[in-house]
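Data first, discussion second: the structure below is written as structure tokens.
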Amino acid sequence: MAKAVLAKGKEKRVEYGHPWIFRSDIEKVEGSFSPGDVVDVYSSKNKFLGRGYINTKSQISIRMLTYEHEEINYEFFYKRIKSAWEYRKKVADPMSCRAVFAESDFLPALIVDKFSGYLVVQTLALGIDRYKEQITDILSDIIKPDGIYERNDAAVRELEGLDQRKGYLKGEFDTKVEMVENGVKFIVDIENGQKTGFFLDQKETRAAIKPFVKGAKVLDCFSHTGSFALHAGYFGASDVLGIDISEHAVECAAQNARLNGLENICRFEAANAFDKLREFYDRGEKFDVVILDPPAFTKSRSAVEGAVRGYKEINFRAMKIIKSGGFLVTCSCSHHVGPELFMDIIYNSAIDAKRKVRQVEYRSQSKDHPILLASEETEYLKCAILQIV
Ligand code: SAH
């Protein structure tokens, strides 16, 4: 096995448990290796730090798999996946949940989402992609799904020199899968939906809107397949409008509304949420509750300024159209906009909108997406529930 030796002083982060080693942190690699191989990692003082898979094509050149002298093989992955699954059985609904959350489950770049009897897998780095077949076997053995589907049509794979692909890994089945979340039914399009088909990370925040949506007129911006909107309808809202720019998402949302018998309460429209928010303001239309769950406005540190403007704009507009005493549920999934900056943006939006705002609750991602303290990248979702006075 080749041996990667880190530059002086670069061992601390690894010892503290951050699983990434950047290209610039590596002093040298002794011995031969191919991209994707497992290598030993040593400090500049020749202290063994652990093992990870290497791909020098990627900025993140090594991802740590273990801090022990253990073989990386079928048994290793079995143990890791088993422990991820045991955790879900404790803290989540094992029927539908994120079964493996990559670095947070000590399985870097591996995502497994479970929707009823079906699993959707993403292997987002070369080193983990090599174990895809073994992982499929292990998932079959531990979780016993009816089928497994691969959604490796993710752009990040290109940074690893991997191709874009999707298809069956186990079985052949209808890729429109029905699942239930907090009592609400959804069809998840695991073949053509965004990412793995459904955003499981917001499950607990969707449940958290229950106390203030009864009888309310609700606007759900960036509604995707209608998850927040349908929760509002299910919890007794009187009138719900969901807006999403994707026609496909809007069609799925309308179908989900029918599935729940909520088609007379929840309507969906394909439009740009920025334009709609302005339109409602211009014509003085007001809502009791507005939900903002936009896509990541930035995926890099350099684009944070533009993202801040985007968040500011939608939060400002939303605050302007919420009735006095109404509620705003506002989220950001951009890792580069941290919790402090996010709350700052909201406060500044409130000042500009001339509204007084009270924080009801501050939330992050659901428990099946645990945050690894050593890796700040694993904390990405911020949700503030606010009352607009
Ligand atoms: N709230 C959703 C997840 C939203 S993901 C849920 O809980 O499932 C972000 C969504 O924003 C995507 O569906 C995407 O199609 C949509 N989107 C992106 N830009 C948009 C825009 N300018 N206006 C409206 N929707 C947009």
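None of the figures in this text is laboratory data; all of them are computed from the coordinates on show. The model shown is predicted, which means the values in this text are computed figures rather than measured ones. For neighbour counting, all protein chains shown are included, and Cβ atoms are generated from backbone atoms with ideal geometry for every residue, glycine included.
Could you figure out which of (1) under 21 Å from I209 (Cα atoms); (2) of a type in the set (K, R); (3) within 15 Å of the ligand (Cβ to nearest atom) isn't true of R278?
Of everything listed in (1) under 21 Å from I209 (Cα atoms); (2) of a type in the set (K, R); (3) within 15 Å of the ligand (Cβ to nearest atom), R278 misses just condition (1).
Would you check if there is a residue in segment 163-185 being of a type in the set (V, I, T) and within 11 Å of the ligand (Cβ to nearest atom)?
Taking segment 163-185 as the starting set, the residues that turn out to be of a type in the set (V, I, T) are 175, 177, 180, 184.
Right, trim to within 11 Å of the ligand (Cβ to nearest atom) and you get none.
No, segment 163-185 has no match at all.
Against the definition (surrounded by fewer than 21 Cβ atoms within 10 Å (Cβ to Cβ) and either within 14 Å of the ligand (Cβ to nearest atom) or not aromatic (F, W, Y) (or both)), how does K210 come out, yes or no?
yes
So G50 passes all but one of these: (1) without any contact (Cβ under 8 Å) to a residue 40 or more places away in the chain; (2) closer than 26 Å to F198 by Cα; (3) of a type in the set (G, A, S). Which condition number does it fail?
All conditions are met except number (2).
Just to be sure before I move on: is K57 surrounded by 14 or more Cβ atoms within 10 Å (Cβ to Cβ), in a helix (DSSP H, G or I) and among the basic types (K, R) in the structure I sent?
Taking the combined requirement at face value, the residue does not satisfy it.
Which of the residues that make up segment 68-89 are of a type in the set (K, R) and over 20 Å from the mean Cα position of the chain (by Cα)?
Going residue by residue through segment 68-89, those that are of a type in the set (K, R) are 79-80, 82, 88-89.
Result: K79, R80, K82.
When R301 is evaluated against the numbered criteria (1) under 17 Å from V337 (Cβ atoms); (2) of a type in the set (D, E, K, R); (3) within 14 Å of the ligand (Cβ to nearest atom), which criterion, by number, is the only one it fails?
Failed condition: (3).
If you check L230, L259, which single one turns out to be within 12 Å of the ligand (Cβ to nearest atom) and either on the phi < 0 side of the Ramachandran plot or out of contact with any Gly (no Cβ under 6 Å at 6 or more places or on another chain) (or both)?
Exactly one residue qualifies, and that residue is L230.
Mind listing whichever residues of segment 118-130 are surrounded by fewer than 22 Cβ atoms within 10 Å (Cβ to Cβ) and either within 14 Å of Y168 (Cβ to Cβ) or basic (K, R) (or both)?
Within segment 118-130, R130 is the sole residue that qualifies.
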